[in-house]
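All remarks here apply to the structure that follows.
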Amino acid sequence: MPSDFEPCVDNSVDPAVRGFLHRPAGPLRDAVGLTHGAGGNSCSPLLVALAEAFSDAEYVVLRCDLPFRQARPYGPPRPGDAARDRLGLRNAVAALRRLVSGRVFLGGQSYGGRQATMLCADEPGLVDGLILLSYPLHPPGKPEQLRTQHLPKLQSPALFVEGTRDPFGSIEQVASALKLIPAKTFLLPVEGVGHDLGFKGKSRHDAVPANVVAEFRRFFD
């Protein structure tokens with residue numbers, strides 16, 4: 001069943017926190033912050049489906065728009081956007097800390113997940129764990145341009161979810177990159193899907209959200 005959610009806006013901080021908050025029916029204990037990739041927003045089908053699955057599993061979920069998307073409804077982030085996007089994620093974590101008494105996890109798809117890892121590499125202890133969806137290990141067709149420089153500093157436990165047909169990094173490449181991370185990690189492959197994890201346009205790989213939440217709970221609990 002789809003969970004209930006409400007708009008979430010906090011303009012008292014800069015960058016602002018804007019998105020949608022899913023509240024489970026039970027007590028507010030643990031929370032998950034999710035954000036989007038370079039071409040999406042907080043209403044992407046994958047994020048909505050994951051938020052519903054996490055909420056059904058009794059997590060508070062904030063799916064938030066990164067500052068670059070708040071400023072421009074379309075188009076990818078610009079080279080100068082990344083630092084401010086990380087500040088936006090830090091503010092989102094703070095908003096979740098005020099809501100729950102338990103753990104707070106952070107993650108997102110592609111660009112958003114990468115920014116989350118960079119933020120947490122610089123700020124150990126900011127969150128209790130990371131969930132990275134389709135981590136963009138390298139640009140498509142350019143495996144030599146690895147985005148791994150910060151990974152040896154990452155102290156947060158991290159669950160990586162990767163499609164077996166993702167042009168941004170093969171399962172083997174991602175598994176090799178995870179060896180750079182000193183914290184506990186786990187790689188969950190999703191067979192037969194690409195960078196969108198089976199959520200593209202109107203298509204939905206409905207088994208993915210439930211499988212991700214189940215593996216998340218096993219890994220972190």
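Scan segment 12-44 for residues that are surrounded by fewer than 24 Cβ atoms within 10 Å (Cβ to Cβ) and either polar (S, T, N, Q) or part of a strand (DSSP E or B) (or both) and the total you get is 7. Pairs are defined by a Cβ separation below 7 Å, a sequence spacing of at least 6 or placement on different chains, a first member in segment 176-190 that is more than 16 Å from V208 (Cβ to Cβ), and a second member that is of a type in the set (S, T, N, Q) and in a loop (DSSP other than H, G, I, E, B); the pairs so defined are A177/T148; L180/T148; P182/Q155; A183/Q155; A183/S156. I'd like to check something: does segment 45-52 contain any residue that is touching a Gly at 6+ places or on another chain (Cβ under 7 Å), hydrophobic (A, V, I, L, M, F, W, C) and buried (at least 24 other Cβ atoms within 10 Å of the Cβ)? No, every residue in segment 45-52 fails to be touching a Gly at 6+ places or on another chain (Cβ under 7 Å), hydrophobic (A, V, I, L, M, F, W, C) and buried (at least 24 other Cβ atoms within 10 Å of the Cβ). From the residues in segment 90-122 that are over 25 Å from R218 (Cα atoms) and free of Cβ contacts under 8 Å to residues at least 60 places away in the same chain, which one is surrounded by the fewest Cβ atoms within 10 Å (Cβ to Cβ)? It comes out as R98.
Scoring S176 on the criteria (1) outside any loop (DSSP other than H, G, I, E, B); (2) surrounded by 20 or more Cβ atoms within 10 Å (Cβ to Cβ) leaves a single failure, condition (2). Restricting the first member to segment 47-61 and to residues that are of a type in the set (S, T, N, Q), and the second to residues that are buried (at least 24 other Cβ atoms within 10 Å of the Cβ), the beta-carbon pairs closer than 6 Å and six or more apart or on different chains are S55/H22; S55/V61. If you go through segment 179-195 and pick out every residue that is assigned to a loop (DSSP other than H, G, I, E, B) and touching an Asp or Glu at 6+ places or on another chain (Cβ under 9 Å), you end up with 3. Report yes if some residue within segment 138-152 is among the hydrophobic types (A, V, I, L, M, F, W, C), touching a residue at least 40 places away in the same chain (Cβ under 8 Å) and not in a loop (DSSP other than H, G, I, E, B); otherwise report no. No, segment 138-152 has no match at all. You will find that of G192, G129, G102, the residue that is touching a helix residue (DSSP H, G or I) at 6+ places or on another chain (Cβ under 9 Å) and either among the aromatic types (F, W, Y) or closer than 24 Å to A51 by Cβ (or both) is G129 and no other.
Bear in mind these aren't lab numbers, they're just calculated from the coordinates by the rules spelled out. Bear in mind the structure is a predicted one, so any value in this text is a computation, not a measurement. Methodologically, a virtual Cβ is constructed for each residue, glycine included, from the backbone with ideal geometry; neighbour enumeration extends over all protein chains shown.
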